[in-house]
Amino acid sequence: MSLTDAYLNTAAQAVALLGTPEVAASWEKTSALEGMTVGGLAGHLAYQVFTVTPVLQEPTSQEAPIPLLEHYARAAWIGAPLDGEVNAGIRAKGEDIASEGAQVLLERARAALVEQMVALPMVRSSSVVFMPQTGWALSLDDFLVTRTMELAVHMDDLAVSVGIAAPALSATAFDPVLTLLVRLAARRHGQAALLRALARAERAPSAINAL
C-alpha cells in the first residue's frame, strides 16, 4: 500500500472513533490532554482530516518542499509551554471545530473522508503541498506522514480519554509513523538514550518524549 492508502485507512479509523457512543457521551468532560475537553480533542483529531481536503482543491505548489525532519525543526509548537500562545491556540481551534457537537463533527469528518477516498488517489505522489498554517511546503508523501502521525497519536489520546481501546494501525501506517517518531526522539535525546529506552531498560532515561 502507498502512503496515500496508509493515510486513508488511518483517517477511516479516526472517523469511526469519532462516531463511538463513548466519545459523544463524554463530549463536555476533561480529556487526557490537559486543558482540552473530549470534544475539543475530537475537534483536533478531525482537523487532521480536514487539512487534507485543500490538497484536492489546489494545484501542486511551486514552492520547493523542505525535508520532513526540517518541518518539525521549524514547528513552533514543539517545545512550546502548555500555557503558551501556540498551544492555547491549538486548544481553542479544537474546541471551535467541535462547537456544534459530536454529530455535526462526525458528519463533517465523514463527508471529508468520502471525498478524499475518491479524489486523493488521483493526486500524483510527486505533488507538493503548501501549508499556509506554517508558511512552507512538503512533498505530498511527507505531508501525509504528518497527518497519519497526528491521527495515530490523537486517536490514542481520544480513546484513553473515553476509556476504550485505541485502534491498531495497519503495518503500512505504523511503519512511517514509528520511523518519524523514532527519528524525532533521537534528535531530541540522542542515539544512546533512544537505544537504551528500546533495548536496555535498566539504563534508559526515566522518560523520553519523542517531540
Handout entry: Label assignment, Cα extents along the principal axes in Å derived from the structure, set (1) 39, 38, 36; (2) 48, 43, 35; (3) 64, 48, 33
Key = (2)
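Rolling a 1.4 angstrom probe over the protein heavy atoms, how many square angstrom per residue are accessible across the chain? List each step's numbers first, then the result.
Details: 10800 Å² over 211 residues.
In whole numbers, the chain has 51 Å² accessible per residue.
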Handout entry: Estimated distance in nm for a label pair at Q103 and E70, the labels positioned 7 Å out from Cα along Cα-to-Cβ
Key = 4.8 nm
Practice task
Name the residues whose placed amide hydrogens come within less than 5 Å of the amide hydrogen of A137, ignoring near sequence neighbours (fewer than 5 apart) on the same chain.
Solution key: I66, M131
Practice task
Only Cα pairs under 8 Å and at least 6 apart count here; give the relative contact order of region 1-155 as a rounded whole percent.
Solution key: 38 percent
Handout entry: Projected label distance in nm at K93 and E22, using a 7 Å step from Cα toward the beta-carbon
Key = 2.7 nm
Exercise for the section: Return the sequence-ordered ³J(HN,Hα) values of region 110-127 in whole Hz as given by the Karplus equation 6.51 cos²θ - 1.76 cosθ + 1.60 applied to θ = phi - 60°, using x for Gly and Pro. Expected result: 4, 5, 5, 5, 4, 4, 5, 5, 7, 8, 5, x, 7, 7, 5, 5, 7, 4
Exercise for the section: Quick one: what are the phi-derived ³J(HN,Hα) couplings along region 180-186, Karplus 6.51/-1.76/1.60 with θ = phi - 60°, whole Hz, x for glycine and proline? Expected result: 4, 5, 5, 5, 5, 5, 5
Practice task
Just grab the label-to-label distance for A165 and T179, each label 7 Å out from Cα along the Cβ direction, in nm (one decimal).
Solution key: 2.8 nm
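Beta carbons within 10 angstrom, averaged per residue: use that to sort the peptides 68-80, 22-34, 102-114, highest first.
Result, highest mean Cβ count within 10 Å first: 102-114, 22-34, 68-80.
The values are calculated or read from the model by the stated rules, or taken from the named source; none is laboratory data. Computed from a predicted structure; not experimentally measured. Every residue, glycine among them, receives a Cβ derived from its backbone with ideal geometry; neighbour counts consider all protein chains shown. Just the protein is used for accessible areas: all its heavy atoms, side chains included, with ligands, DNA and RNA removed. Shrake-Rupley method; radii C 1.70, N 1.55, O 1.52, S 1.80 Å.
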